[in-house]
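> The structure's right below; bear with me while I get my questions together.
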Amino acid sequence: MKKISLFICIVMIFMMLTGFNNLNTSAAELSLIKIGLYYGSTAQSQINVSSDKGVSFCAYDAKTGKNNNVYELAVGQTITLRKDSYFLQSGTKFTPVASTGNPTSGPYHIRINGTYNTYNDTVSLSQSYNKKGITVYPVYTDSGWQIWTGFYASQSTAQAAMNTVKSKLGDNTYNIIAEAGSRIYGSDQNGKVLFMYASSNSVLRGRATSAGNPNTIKIGTSLYRGQVELNRISGSDMTIINVLPFEEYLYGVVPNEMPAYSNIEALKAQAIAARTYSYKTINKHSKYGFNLCASTDCQAYKGYSSENANTTKAIDETRNMVVTYNGNLVETVYSASTGGRTEDVVNVWGNSLPYLKSVEDKYESAKSYNYNWTMKFTADEISAKLKSYGLGTVTGIKITKYSEAGRPIEVVITGTLKPEGVTIVRDKCRTFLSLPSQMYNISSDANLNVQVNKKIENVSLNQIKVITSSGEKSYNNSNQKVTIIGADGKESVVSANTQEYVFTGKGWGHAVGMSQEGAMGMAKAGFTYEQILTHYYTGTKVEIKK
């Protein structure tokens with residue numbers, strides 16, 4: 001078995017770890033940040049970790065700030081870290097199952113003898129047990145090191161196996177280790193268990209053994225700076241976290257939020273907005289044991305694998321700069337494009353903030369992705385998507401109120417079960433059908449424009465009476481279609497009841513705060529990062545975070 005150093009795991013580049021691990025620490029005091037890579041519904045049952053410089057695994061105690069060595073992975077070696085739970089095992093392949101799913105590997109074990117002071121104390125004993133035909137592995141616990149054997153699916157299976165263990169190892173002390181929801185173990189690519197981590201007072205962390213910069217570690221299929229932390233949390237299976245310096249976290253954010261080829265002033269604006277947003281929302285996921293997540297629920301973060309020299313330069317040259325309003329951090333939300341004008345936050349999320357007002361956005365590129373868009377839905381498709389609304393079959397969708405910026409902020413949807421309709425407001429006007437933006441118009445195959453009291457109104461065919469060659473008629477049969485000759489002499493076919501809805505819009509995203517396309521356009525036009533930010537965030541300043 002690989003020899004393990006007994007020295008305390010030295011992590012000098014993370015000297016301020018103690019303060020960081022209090023997730024209530026103020027943003028200004030943070031030097032490190034914890035990013036959730038996998039958690040909740042994306043939490044993992046197992047994951048591979050490696051580094052071309054080797055990996056040192058330590059037990060980190062948040063109360064004392066100390067790191068105790070657990071295992072040192074050799075250069076080029078990959079370890080599979082797996083929760084101690086129920087699996088169907090086929091060779092080196094493990095498939096997670098429920099305890100009732102006939103598992104062949106489980107979280108019950110047999111402990112042989114007592115507790116040892118160091119890992120090395122277990123080595124010679126483990127070797128002798130292995131020679132006698134009992135495969136054992138070292139276990140890190142809060143009280144010291146132990147030697148366990150087996151991965152049994154139940155208490156009774158472990159109890160039955162104890163007779164075989166006793167017959168081969170002779171006179172020792174044996175105890176059944178029951179299932180626990182906190183354990184993690186590591187095995188090599190041949191399935192050999194390298195260590196079991198059974199501490200309740202600390203968390204398992206791994207970092208590249210070298211102290212070089214960048215000092216990366218491969219988590220799954222991607223490279224990350226800093227450390228990997230693994231923790232089993234209720235409701236989040238095996239949670240996998242990247243712990244790294246705050247500014248280096250931004251290296252893996254900005255290139256995923258704005259194209260790295262953008263003008264440097266736009267990249268600087270994005271860097272400052274991303275930094276400010278991170279500080280402002282620093283404890284968003286504290287219930288899972290980390291600060292922010294790696295998805296767009298916070299900000300897109302893809303680690304070292306996504307870094308680019310241009311975005312790194314923008315981050316370094318704006319180091320510690322943030323956006324403030326009256327001395328306080330701003331919620332620097334941003335989206336891809338706005339279609340020509342940003343939206344007042346009150347019309348999207350309901351809260352009113354003085355710096356998130358609607359402003360002109362004339363520098364966006366009309367050729368950018370999703371700037372002009374069209375989405376079509378059949379009535380049946382919409383009825384299925386809105387099943388929870390209790391509408392039955394959708395019979396109509398009508399915009400009943402617009403914001404000053406021209407976005408629908410109130411929409412009424414009628415159906416066979418609710419002819420009076422259901423009203424949705426603000427951001428729901430975009431998300432109810434997962435539309436690219438909240439700036440759109442609606443048309444359908446049953447709509448036509450008619451003049452009423454010298455005013456043009458858009459109505460459905462089934463709402464009016466039509467004068468035909470054979471007299472006045474109403475069209476209410478869903479299968480009926482009528483050819484209409486417009487004032488311009490052009491013919492169009494209109495259905496009595498809507499069969500298809502067409503949403504035609506502009507922009508991509510919620511449109512509150514900074515437009516990334518607009519920022520790129522402003523930078524190209526000669527504006528500085530400060531001018532860009534203060535344009536989109538009304539009445540704000542760019543300052544150095546103290």
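Only the coordinates and a few stated rules stand behind these numbers; no lab work does. None of these values were measured; they are calculated from a predicted model. Here the Cβ is made from the backbone with ideal geometry for all residues, glycine too, and neighbour counts use every protein chain on show.
> Which of 278, 528, 227 sits closest to the plus end of the dipole of the chain, meaning its Cα is farthest towards the positive end, when Lys and Arg get +1 and Asp and Glu get -1 on the C-beta?
227
> Can you give the direction-averaged projected area of the convex hull of the alpha-carbon atoms in the chain, in nm²?
About 32.5 nm², averaged over all directions.
> Run through region 265-349 and list the chymotrypsin sites (Phe, Trp or Tyr not before Pro) located in a DSSP loop whose Cβ has at most 11 other Cβ atoms within 10 Å.
Listed in order of number, the matching sites amount to none.
> Between residue 113 and residue 302, what FRET efficiency follows from the Cβ-Cβ distance if R0 is 51 Å, with the result rounded to 0.05?
0.65
> In deg cm²/dmol, rounded to 500, what helix-only [θ] at 222 nm does the chain give when every DSSP H run of at least 4 residues adds -39500 (n - 2.57) and the total is split over its residues?
Calculated at 222 nm, the ellipticity per residue is -5000 deg cm²/dmol.
> Please get the size of the charge dipole for the chain, origin at its Cα centre, with Cβ charges of +1 on Lys and Arg and -1 on Asp and Glu, quoted in debye to the nearest 20.
Rounded to the nearest 20 debye, it is 840 debye.
> Next question, about the same structure. Between residue 512 and residues 5 or more places away or on another chain, which pairs have amide H atoms under 5 Å apart, with H built 1.01 Å from N, and which residues are they?
343
> In region 130-264, what is the volume of the convex hull around the alpha carbon atoms, normalised per residue and reported in Å³?
Details: hull volume 23.1 nm³, N = 135.
With only Cα atoms used, region 130-264 gives 171 Å³ per residue.
> Might you report the magnitude of the Cβ-based charge dipole of region 67-189 about its Cα centre, with Lys and Arg at +1 and Asp and Glu at -1, to the nearest 20 debye?
Here region 67-189 has a charge dipole of around 320 debye.
> Ok, one more. Report relative contact order for region 85-179 in percent, whole number only (criteria: Cα-Cα under 8 Å, sequence separation at least 6).
RCO, region 85-179: 34 percent.
> In addition: Just how many pairs of Lys in region 85-179 have C-alpha atoms closer than 24 Å, counting pairs that are eight or more places apart or on different chains?
Lysine pairs meeting both conditions in region 85-179 amount to 4.
> For region 296-351, which trypsin sites (Lys or Arg not before Pro) are both in a DSSP coil and crowded by at most 13 other Cβ atoms within 10 Å?
319
> Along the Cα-to-Cβ line of residue 172, 7 Å from the Cα, sits a label point; which residues in region 90-126 have backbone N less than 12 Å from it?
So the set is 110-115, 122-126.
> If each of residue 349 and residue 370 carries a label point 7 Å out from its Cα toward its Cβ, how far apart are those two points in nm?
For residue 349 paired with residue 370, the spin-label model returns 1.7 nm.
> By average Cβ neighbour count within 10 Å, what is the ranking of 365-371, 379-385 from highest down? Could the numbers behind the result be given before it?
Details: 365-371: 14.0, 379-385: 16.3.
Peptide ranking by packing, descending: 379-385, 365-371.
> A further question follows. Could you tell me the relative contact order of the chain? Use alpha-carbon pairs under 8 Å, at least six residues apart, and round to a whole percent.
14 percent
> Any idea what angle helix 264-280 forms with the longest principal axis of the chain, computed on alpha-carbon atoms, 0 to 90 degrees, nearest 10?
Helix 264-280 sits roughly 70 degrees off the main axis of the chain.
> List the trypsin sites (Lys or Arg not before Pro) within region 188-223 that fall in a DSSP loop (any state other than H, G, I, E or B) and whose Cβ has at most 13 other Cβ atoms within 10 Å. Please report the intermediate quantities before stating the final value.
Numbers: sites: 192, 205, 207, 218; in loops: 192.
Filter output for region 188-223: 192.
> Report the full-extension gain for the segment residue 264 to residue 431: residue separation times 0.36 nm, less the Cα-Cα distance, to one decimal in nm.
Numbers: separation 167, 0.36 × 167 = 60.12 nm, distance 3.29 nm.
Fully extending the segment from residue 264 to residue 431 adds 56.8 nm.
> Gain in length, residue 287 to residue 42, computed as 0.36 nm per residue apart minus the alpha-carbon separation, to one decimal in nm?
86.7 nm
> Angle between the Cα long axis of helix 155-169 and the longest principal axis of the chain, 0 to 90 degrees, nearest 10?
Long axis of 155-169 versus the principal axis of the chain: about 30 degrees.
> Please give every one of the aspartates and glutamates within straight-line cross-link reach of residue 385, meaning a C-alpha to C-alpha distance under 18 Å, and leave out same-chain neighbours fewer than 8 residues apart.
List returned: 427, 500.
> Between residue 412 and residue 541, what is 0.36 nm times their sequence separation minus the Cα-Cα distance? Round to one decimal in nm.
42.4 nm
> Evaluate Rg over Rh across region 40-197, taking Cα atoms for both radii and Kirkwood's formula for Rh. All intermediate terms of the calculation are to be shown ahead of the outcome.
Numbers: Rg = 15.8 Å, Rh = 16.6 Å.
My calculation of the ratio gives 0.96.
> Here's another thing I want to ask about it. For residue 358, what residues show an amide H to amide H distance below 5 Å, using hydrogens built from the backbone and excluding near sequence neighbours?
344
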